[in-house]
Structures are given as C-alpha cells and as structure tokens.
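K.L.:
First the structure, then my questions, so here it is.
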Amino acid sequence: MQGRYKSDGLRSRKSRVLWFKMKQKFSTSWKSSKQPRKQRKYLANAPLHLKRKMLSVNLSKELRKKHGKRNIPVVKGDKVKVMRGKFKKKQGKVTEVKTKMMKIYIEGIQVKKQEGSKVNVPLRASNLQIVELNLNDKKRMTKLGGKGEKKMDKTEEKKVEVKKVQTKKAKEVTK
C-alpha cells in the first residue's frame, strides 16, 4: 500500500493519520470490479488507444444488417441519434470527438447559458446510435468491408442452391 503520515512530528503517535493515495498508473492486469470507483479509475487512467475503442457507438438495425457489426468507434461527420437523456430522439452530425475526455459533441444539441450564449453539450458514446456512417476514410471503409459480408452457414448455402435449381426447372417447364 502507498501512503504517508500526516503529521508535523510534534504530535503523539496516536494522532498520526495514514492517507492513502490512488496509484496513477493504468493497470493492464485489471480484469473487472463491481466497485464503481475502480471502474471510474480504470476509465480515467486508460491510455488513448483504449479510450478510442471505448468511444464505440451502436449501429442502427439497417447498418448492422448491411455491415455485419454491432458497433464502431464514432468519427466526426457521422450522423447520430441520441437515445437517452434530455435530448432523446434528436439527430445530428458529430462535430467533435474528444478522446481524452471520452465525450462527443453533436451539431444542433446545445444549451443556453445564463448570460444568453449557447454551448454544445458533451454526450457519452453509450447514449448514442449511429444512423449514417461517414465513409470518407478509406481505412474505415476497408475495416467495415472485410467483416460486412456475412458468412453463410452450410444449410443457408444449400437453401440458396436449391432455390436456384428450382427456378431453372420452372423456367424450363414454362418453355
């Protein structure tokens, strides 16, 4: 355990208090915990390459079928729908993604301050859903394209072949 004594040395031993410090390092061996403080610590101290992965947003049902993926890291330019909170059911384009803070800013979602100016509202990735993807990035396209084509089971392949044969036979009969 890390810690230090809070004492000026003149007080008696009984009055010394041991103050514990949280380790600032990110633990790679950490698996999981039920304690929210440890979960928050894990997220706060995570390196940027892991925080980027944690900024993954669910895809809409149509996009899931099309690309064969459930979620993908959000990028500036994606069209997003808010699923939870004050701005529920509102849609807009992502204007900014702050990886370090793990926050996403959306066009048109703002709050009026006391002085009268408007400020963008930071949202968490878990409360959003991607409606339309920004596919300007070639790397992102290839990542989606590789897993987008679903592999068919043997039974599905047989069904497709049987249907093809049946349609050929039907055409021959009609001729």
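Coordinate-derived values only; no laboratory data. Small disclaimer: the values here were computed from a predicted structure and weren't measured. Cβ coordinates were reconstructed from backbone atoms using ideal geometry, including for glycine residues, and neighbour counts include every protein chain displayed.
K.L.:
Among 113-126, 68-81, 44-57, what's the highest-first ranking by average C-beta atoms within 10 angstrom per residue?
P.N.:
The densest-packed peptide leads the list: 68-81, 44-57, 113-126.
K.L.:
So which of 61/163; 66/139; 51/98; 34/89; 66/103 end up more than 21 Å apart by C-alpha?
P.N.:
Cα-Cα > 21 Å for 61/163; 34/89; 66/103; rest within.
K.L.:
Once you put a point 7 Å from the Cα of residue 98 and another 7 Å from the Cα of residue 71, both along the Cβ direction, what distance in nm separates them?
P.N.:
Here the answer is 2.1 nm between the modelled labels.
K.L.:
Using alpha carbon coordinates only, what is the Rg to Rh ratio of the stretch 33-149, with Rh defined as the Kirkwood radius?
P.N.:
We get a ratio of 1.00 for the stretch 33-149.
K.L.:
Another one. Measuring from label point to label point, each 7 Å out along Cα→Cβ, what is the residue 26 to residue 53 span in nm?
P.N.:
For residue 26 paired with residue 53, the spin-label model returns 1.0 nm.
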